[in-house]
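**Student:** Below you'll find the structure I mean.
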Amino acid sequence: QVQLVESGGGLVQAGGSLKLSCTASASIASLNVMGWYRQAPGKQRESVATITTGGSTNYSDSVKGRFTISRDNAKNAVYLQMSSLKPEDTAVYYCKAVKFVGYRVYWGQGTQVTVSS
């Protein structure tokens, strides 16, 4: 079992930046895909960015060019650098990890990001 803990959320003005961190309770080297998802009030949870063990990344169109996902296997952590934030980025951001062997999916508890206009 892997526990994921997000941190770094908060309140920021439009145009500002935040960096989210997701720290795992165990090695992330075997977690094939890690990613960030978000859920705004009244909306479905959506994928924001993902990164594989090989470093391949994928971004939603809404954040492409503004957000950067990275992972540090030595620190068992995944990060989401968010820049040029917009009010529509306001949501609870969740960290997710997928392990293909045995197909295990892990979620963090979420961290709130609020962007004021």
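The values are calculated or read from the model by the stated rules, or taken from the named source; none is laboratory data. Given the structure is predicted, the values throughout are model-derived calculations rather than measurements. Here the Cβ positions follow ideal geometry from the backbone for every residue, glycine too, while neighbour counts run over all protein chains shown. Keep in mind that these areas ignore ligands, DNA and RNA; they rest on the heavy atoms of the full protein, side chains included. Shrake-Rupley method; radii C 1.70, N 1.55, O 1.52, S 1.80 Å.
**Student:** Go ahead and run the numbers for FRET between Thr114 and Ser70, Cβ-Cβ distance against an R0 of 30 Å, rounding to 0.05.
**Tutor:** Values: r = 23 Å, r/R0 = 0.77.
Using R0 = 30 Å, I get an efficiency of 0.85.
**Student:** Put +1 on the Cβ of each Lys and Arg and -1 on the Cβ of each Asp and Glu in the range 11-117; which of Gly65, Gly108, Gly42 then has its Cα farthest toward the positive end of the dipole?
**Tutor:** Value: Gly108.
**Student:** Tell me the carbon and sulfur percent of the accessible area for the chain, rounded to whole percent, probe radius 1.4 Å.
**Tutor:** Details: 2870 of 6040 Å².
C and S atoms contribute 47 percent here.
**Student:** Dipole size in debye (nearest 20) for the chain around its Cα centre, Lys and Arg Cβ +1, Asp and Glu Cβ -1? Could the numbers behind the result be given before it?
**Tutor:** On the way: 12 positive and 6 negative charges, 31 e Å.
Its charge dipole is roughly 160 debye.
**Student:** Right, here's the next one. For the charge dipole of the chain, defined by +1 on Lys and Arg C-beta atoms and -1 on Asp and Glu C-beta atoms about the Cα centroid, which residue among Leu20, Thr52, Tyr94 has the Cα displaced farthest towards the positive pole?
**Tutor:** Of the listed residues, the answer is Thr52.
**Student:** How high is the relative contact order of the range 49-92? Use alpha-carbon pairs under 8 Å, at least six apart in sequence, and give a whole percent.
**Tutor:** Details: 40 pairs, mean separation 12.4, N = 44.
Contact order relative to length: 28 percent.
**Student:** Between Tyr37, Tyr93, Tyr103, which gets the highest mean-square fluctuation from a Gaussian network model of the chain, Cα cutoff 10 Å?
**Tutor:** Most flexible of the set in this elastic network: Tyr103.
**Student:** Okay, next question. Which whole-number value in Å² is the accessible area per residue of the chain, probe 1.4 Å? Please list the in-between numbers first.
**Tutor:** Values: 6040 Å² over 117 residues.
That works out to 52 Å² per residue.
**Student:** What FRET efficiency do you get for Ser27 and Asp61 if R0 is 30 Å and r is their Cβ-Cβ distance, rounded to the nearest 0.05?
**Tutor:** With a Förster radius of 30 Å, E is 0.40.
**Student:** Stretch Val2-Gln39 to full length: gain in nm at 0.36 nm per residue minus the Cα-Cα span?
**Tutor:** Numbers: separation 37, 0.36 × 37 = 13.32 nm, distance 2.19 nm.
Between Val2 and Gln39, full extension yields 11.1 nm more.
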